[in-house]
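First the structure, in the form of structure tokens, and then the observations on it.
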Amino acid sequence: MRQIWAIIAIIFKFNWRVLQFMRELVFNMIFLVLCCVIIGLITLYKSDSILDKKYLGALYVDLQGVVVDQVSTPNPLNRVSRELLGKPMHRLKTNSLFNIVNTIRKAATDDRITGMVLRLDNLVSADQSALNFIGKAILEFKQLGKPIYAIGDNFSQLQYYLASYANQIFLAPQGVVEVQGFSMNTLYYKTFLEKLKINSFIFRVGTYKSAVEPLMRNNMSPEAYEENIQWLNSLWSNYLDTVAKNRGTTPADIFPGTEVFLRKLDAANGDNTKYAVDQKLVDKIYTRTQMENVLTKQFGWNTTDKHFNYISIYDYSDKITNTKTEKTGNVAVIVVQGTIMDNGQMPGIANAELISQQIRDARLNENIKAIILRVNTPGGSVSGSDLIRSELMSVRESEKPIIVSMGGIAASGGYWISTPANYIIASPITLTGSIGIFGVLNTFEKSLNSLGIYSDGISTTSLSDISITKGISPAFSKMMQLTIENGYQTFIKLVSQSRHKTFDEVDKIAQGRVWVGIEAKKNGLVDQLGDFDDAVKKAAKLANLEDVKLDWMQPDLTFIDQILLELNVNFQTLVPDILQVFLPQFLSTNIRQQEQFFLNVNDPQNRYALCLTCAEIN
């Protein structure tokens with residue numbers, strides 16, 4: 001008996017020690033977090049004090065990572081974490097497009113800022129629509145007579161697009177300007193799924209609805225090729241025209257064609273740097289020391305930090321940003337960014353529940369007189385898209401105008417949610433349309449059978465006997481196809497009603513086909529070609545407002561919520577992308593797309609209005 005009690009006592013002591021350890025661990029973690037926050041606030045205070053000096057010099061636009069419409073973690077906590085943890089890996093950093101533009105515009109009228117230096121080596125990703133908007137702000141800066149320099153060891157195609165807005169471009173010896181054209185690549189794995197013995201049941205409507213082609217083909221269909229080559233060529237033409245205009249030359253000089261390019265490169269003995277100068281892609285070939293000498297002569301020397309006088313765009317943005325969230329705006333801005341899903345809080349996901357709640361709050365807020373819906377999404381769940389659309393229809397009934405501002409992508413479900421708008425504004429190079437839906441169900445009965453695992457059971461009807469371990473019945477397959485066709489009919493009706501067209505007129509330009517903004521305007525899918533500034537002007541006009549104050553709708557989070565979200569976002573972003581840093585960009589892009597598609601397919605009816613062909617381009 002004593003032995004039993006002794007064992008119980010040992011177990012009790014062990015459990016008590018575990019609980020005591022956990023308690024101390026939790027309290028220590030809380031203590032460390034509080035210490036870090038205090039240190040971070042002190043650091044921010046000191047940095048702000050330093051920034052109050054009279055002369056700052058150049059605005060150093062050292063953009064890193066990716067540019068998005070809205071960052072996942074709200075200010076000011078992301079600023080504190082940046083000060084505490086240091087700058088994250090540049091490939092993982094996210095930047096708000098509108099914060100960048102606002103910062104450049106503030107600097108343009110700041111007497112302490114006497115010029116701009118673009119250092120874009122670590123800029124990884126941004127769509128052309130976003131780059132155009134940033135470029136617009138840079139041109140405004142330039143028009144005030146402040147010089148702009150772009151410097152770099154190399155310029156990727158994306159980086160050079162933004163660098164072309166500068167007065168002068170300096171390239172390092174042995175550097176290269178990569179202007180070679182666009183491409184898009186998709187992984188196809190029909191044979192791969194067959195080898196894994198996975199059954200993919202596909203239901204779709206639309207000749208051009210190619211989002212499911214990777215599951216059912218090993219290559220691109222002729223219809224998909226026809227669609228993709230059209231919008232890809234449009235983006236390439238816009239690229240060449242914009243860069244040529246910025247550089248005061250012709251598109252043929254920026255890229256003379258493959259054969260001429262190779263001939264000229266051969267004449268330069270394969271020297272990419274010399275070719276860049278000969279083609280006037282850059283102005284000077286300078287070492288870093290020579291670049292610094294030129295910039296020091298222009299902006300002066302900082303004896304403390306041992307570099308020419310400048311302030312990073314991130315530090316300048318921190319200084320001018322009001323950390324208090326004002327709720328006195330009269331125009332609400334609601335951002336739909338990423339794949340639309342019914343719920344979920346992580347980068348790359350547009351939470352339909354959260355967005356619909358933001359729309360509802362704006363509708364019920366008497367101070368809000370209009371809503372700008374910023375759409376930058378390839379679509380997603382039909383139920384999630386319709387949840388957002390339904391809430392927007394309630395706004396229309398309340399007679400508050402809705403203006404849709406389309407970003408780089410506003411396709412499929414992105415267009416579905418745009419249908420209640422009073423007015424739609426798209427960039428000339430926005431990818432939109434893709435009016436069509438599809439359904440996908442993967443079952444694994446053959447895979448399991450090959451391992452000696454079988455599934456059996458009973459059901460009251462053939463429609464209920466559905467399982468990923470057993471497959472689907474012909475009756476369920478027919479029901480799914482009918483549901484998909486009904487969804488397509490609903491989509492066409494929504495578009496025809498909102499755009500004042502007949503069903504047949506919309507069906508002719510639908511079929512899942514993607515259109516660039518210019519073509520979408522010709523087809524009557526959008527009202528105007530423009531940018532976010534145009535959307536603000538239109539909101540003011542429709543709501544009869546003389547002074548527009550934007551209320552950027554953000555989720556209301558407690559301080560603890562912000563800490564947890566910051567840690568969660570950093571972890572979810574960091575873990576998968578560490579491997580992707582070492583992968584080719586097209587492969588890592590495909591991995592991200594497929595990950596989003598398969599891990600977030602949560603539509604209750606398995607119906608998706610999603611454009612996977614609206615891919616990142618290289």
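For region 505-525, does any single residue satisfy the condition of being polar (S, T, N, Q), in the same structural domain as S434 (by TED's automatic domain parsing) and farther than 19 Å from V440 by Cβ?
So far as region 505-525 goes, yes, one or more of its residues are polar (S, T, N, Q), in the same structural domain as S434 (by TED's automatic domain parsing) and farther than 19 Å from V440 by Cβ.
Could you tell me whether any residue of region 493-514 is surrounded by fewer than 16 Cβ atoms within 10 Å (Cβ to Cβ), touching a residue at least 40 places away in the same chain (Cβ under 8 Å) and over 26 Å from the mean Cα position of the chain (by Cα)?
Yes: one or more hits.
Tally up the residues in region 395-436 that are touching a Gly at 6+ places or on another chain (Cβ under 8 Å), buried (at least 24 other Cβ atoms within 10 Å of the Cβ) and among the aliphatic types (A, V, I, L, M), please.
6
Can you pull out the strands (runs of 3 or more DSSP E) entirely within region 378-453 that have at least 2 residues that are under 20 Å from A539 (Cβ atoms)?
402-411, 423-426
Examine region 217-224 for a residue that is part of a strand (DSSP E or B) and modelled with pLDDT of 85 or more, and state whether such a residue exists.
Scanning region 217-224 turns up no residue that is part of a strand (DSSP E or B) and modelled with pLDDT of 85 or more.
Quick check, is V282 at pLDDT 95 or above and in contact with a Ser or Thr (Cβ under 9 Å, 6 or more places away or on another chain)?
Values: at pLDDT 95 or above: yes; in contact with a Ser or Thr (Cβ under 9 Å, 6 or more places away or on another chain): yes.
For V282, the condition - at pLDDT 95 or above and in contact with a Ser or Thr (Cβ under 9 Å, 6 or more places away or on another chain) - is met.
Filter region 318-342 down to the residues that are assigned to a loop (DSSP other than H, G, I, E, B) and either in contact with a His (Cβ under 6 Å, 6 or more places away or on another chain) or modelled with pLDDT of 80 or more (or both) and list them by number.
Start the filter on region 318-342 by keeping residues that are assigned to a loop (DSSP other than H, G, I, E, B), which leaves 321-330, 338, 342.
If the condition is that a residue be assigned to a loop (DSSP other than H, G, I, E, B) and either in contact with a His (Cβ under 6 Å, 6 or more places away or on another chain) or modelled with pLDDT of 80 or more (or both), then G329, N330, G338, D342 are the ones that fit.
I'd like to check something: does region 412-421 contain any residue that is free of Cβ contacts under 8 Å to residues at least 12 places away in the same chain and within 30 Å of N351 (Cβ to Cβ)? Can you show your working first?
Of all residues in region 412-421, those free of Cβ contacts under 8 Å to residues at least 12 places away in the same chain come to none.
The answer is no; no qualifying residue exists.
If you scan region 261-283, which residues turn out to be among the basic types (K, R) and touching a helix residue (DSSP H, G or I) at 6+ places or on another chain (Cβ under 8 Å)?
Across region 261-283, the qualifying residues are K264, K280.
Of all residues in region 167-223 being in contact with an Asp or Glu (Cβ under 9 Å, 6 or more places away or on another chain) and among the aromatic types (F, W, Y), which is nearest to A150 (Cα to Cα)?
F170
The values are calculated or read from the model by the stated rules, or taken from the named source; none is laboratory data. Predicted model only: the values in this text are computed from it and were never measured. Counting neighbours? That spans all protein chains shown, and the Cβs are built from the backbone with ideal geometry, glycine included.
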